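Remarks on the structure that follows.
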Amino acid sequence: MVRAHPGPRMGLPGDRSANRPMSADGSGATMPAAVLTGPAAIEVQQLPVPDPGPDDVLVEVGWCGICGTDLHLALEGYGRPGTVLGHEWAGTVVALGRDVTGIELGTTIVADDIRPCGTCRPCRRGRPAVCVRRPPPDHLSFRGAFARYVLVERARVLPVPVALDPRAAALTEPVAIALHAMHVADATEPGLRILVTGAGPVGLLMVAVLAAHGVTDVTVSEPAPARRTRAAQLGARVVEPDDLPAAPMGRPVPEPFDLAYECSGHARAAGQALDQLDAAGTLVFVGTGREQPRVNHNRMIILELTALGTYNYDAAGFAPALTLLASGRLPLDLLIEPDDVPLADVLPTMHRLAAGQLAGKVMVRPR
Ligand SMILES: [Zn+2]
Ligand SMILES: [Zn+2]
C-alpha cells in the first residue's frame, strides 16, 4: 500500500502507474523548469512532468545546488539549448514506477551514481570513478533538477538519514567529490602542507572536508575578499594570489606545499599552484575551466612533480558523504549561502558566483 503524500494530485493508492502529478482534467501535468535556451540564456518554461518508467521514481526537488559545472555549461555556452541543468539535489519521492520496490512515497532521497564494475582496467587500478563499464556521462545535455520534478532510476536512490536536514542533503554530491579528491591524493597522510587555489563552493568544501578529517595545515589562495573571509572562517590560512612567491628556477619556493588542490578552474591559478609545490609534490585538478593552463614541464622534471585529475566519487559513492553530512562535522552554515533562490534567479545567481561575489553553495528552491 502506498502512503498518501501532500503536494501534486496523485493516482489512487496502489495504482502506481498513475501515481504521478496530474492536471485537473487528467492529462499530463506540466512543471516549471529553468531551461538553457542558449549561451548565458536561461528561461523558466513549463515542461511536461516526466513519466516514470517501470524502474524509475519521480522526485519532487526540494533543493538543488548550483555547481561550477552548471556555470561552465550555461555561461560559457557548452550546454545544448533545451538542457535543464542541476545535478546536486535532494528531494521527496512522489511517484513510483510499476516495478519499483523497497522505497516509500514521501521518502527524502538523493541519487547516487551507478556502481563501478570493479573489474575493468581503471577499477582494477583503484580508479573506480572512471570505470569504463558505466554508460558514458553526457556532460552537455541532460535533464536535471533545476525543475520541480526529476526522474531517477530506483537503483540510484539513497534515502537521506533522518538526522540530516534535507536541504543539507543537497550538498551530498559535492561532498562526495571532495572526499574522492582527498582520497585520490592521500591528503590525510600526517604532516602534509596543503594549498587550495580558489575558495568558491568547491574550494571551501575541500577545506571543510579536510578539516573534518583532521587535516588543518591548509592555505587558501583566493582573489575575492568575501571568499577569503569565508575560507578563514573555516580555519584555513588565507593569501591573495599575488602574495604567493614567484618560483626560483629549479628550486622550491621558501615555504613549499606537498599537495595543491586547484579548485578555481583558472589557468593562472593552476600554474601558480604548480610553482608552490615542494620536490615530489602533487597538483590535483578539481575545478574545470575554459582556458587551459600552461605547464612548466622543466619544473615538473627537476622537482619530480605529479599532476593528477580527480573526477566524481569513490567506489562507495554517496554513502560516506551522507554519513559525513549527518555527523555534524561540517560547518554547513559556512558552506551553504543563507538565501535560497527560485528558478527565475538561477541565471543572475550564476553570474554572481562566476564573479566571486558568493562564497558558499547556493541552493535553488524550485517550488
Ligand atoms: Zn556538481
Ligand atoms: Zn569498472
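The values are calculated or read from the model by the stated rules, or taken from the named source; none is laboratory data. Just so it is clear, the structure is predicted and the values come from calculations on it, not from any experiment. Reconstructed Cβ throughout: ideal geometry from the backbone, glycine too, with neighbour counts over all protein chains shown. Keep in mind that these areas ignore ligands, DNA and RNA; they rest on the heavy atoms of the full protein, side chains included. Shrake-Rupley method; radii C 1.70, N 1.55, O 1.52, S 1.80 Å.
Values computed for the structure shown
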read-out: Elements of type helices (runs of 4 or more DSSP H) in the range 298-367, at least 1 residues being modelled with pLDDT under 95 and on the phi < 0 side of the Ramachandran plot; value: 346-354
read-out: Residues of the range 354-367 satisfying the condition of being hydrophobic (A, V, I, L, M, F, W, C) and either open to solvent by 10 Å² or more (accessible area, probe 1.4 Å) or over 15 Å from the mean Cα position of the chain (by Cα) (or both); value: Ala354, Ala355, Leu358
read-out: Number of the exception - Leu47 against (1) farther than 15 Å from Val150 by Cβ; (2) surrounded by fewer than 18 Cβ atoms within 10 Å (Cβ to Cβ); value: (1)
read-out: Qualifying strands (runs of 3 or more DSSP E) (wholly inside the range 207-292; at least 3 residues being open to solvent by less than 40 Å² (accessible area, probe 1.4 Å) and either among the aromatic types (Phe, Trp, Tyr) or at pLDDT 95 or above (or both)); value: 218-221, 257-262, 277-285
read-out: Which listed residue, of Trp89, Trp63, is of a type outside the set (Lys, Arg) and within 12 Å of the chain's Cα centre (by Cα); value: Trp89
read-out: Residue in the range 173-191 that is over 20 Å from Asp314 (Cα atoms) and either crowded, with 23+ Cβ neighbours inside 10 Å or of a type in the set (A, V, I, L, M, F, W, C) (or both) present; value: no
read-out: Any hit, the range 97-118, residues being more than 16 Å from ligand 2 (Cβ to nearest atom), touching an Asp or Glu at 6+ places or on another chain (Cβ under 7 Å), β-branched (Val, Ile, Thr) and assigned to a loop (DSSP other than H, G, I, E, B); value: yes
read-out: Cβ-Cβ under 8 Å pairs, at least 6 apart or on other chains, the range 110-131 side farther than 30 Å from Arg167 by Cβ, far side open to solvent by 70 Å² or more (accessible area, probe 1.4 Å) and within 16 Å of ligand 1 (Cβ to nearest atom); value: Val130/Tyr311
read-out: Of all residues making up the range 170-189, the number that are assigned to a helix (DSSP H, G or I) and either away from ligand 1 (no atom under 14 Å from the Cβ) or charged (D, E, K, R) (or both); value: 4
read-out: Unmet criterion (only one of (1) in contact with a Gly (Cβ under 6 Å, 6 or more places away or on another chain); (2) within 16 Å of ligand 2 (Cβ to nearest atom)) for Gly91; value: (2)
read-out: Arg80 being away from ligand 1 (no atom under 16 Å from the Cβ) and touching a residue at least 60 places away in the same chain (Cβ under 8 Å); value: yes
read-out: Some residue of the range 123-139 being within 16 Å of ligand 2 (Cβ to nearest atom), in contact with a Cys (Cβ under 8 Å, 6 or more places away or on another chain), open to solvent by less than 50 Å² (accessible area, probe 1.4 Å) and not basic (Lys, Arg); value: yes
read-out: Hey, Glu43 among the acidic types (Asp, Glu) and either within 16 Å of ligand 1 (Cβ to nearest atom) or more than 23 Å from Arg156 (Cβ to Cβ) (or both) or not; value: yes
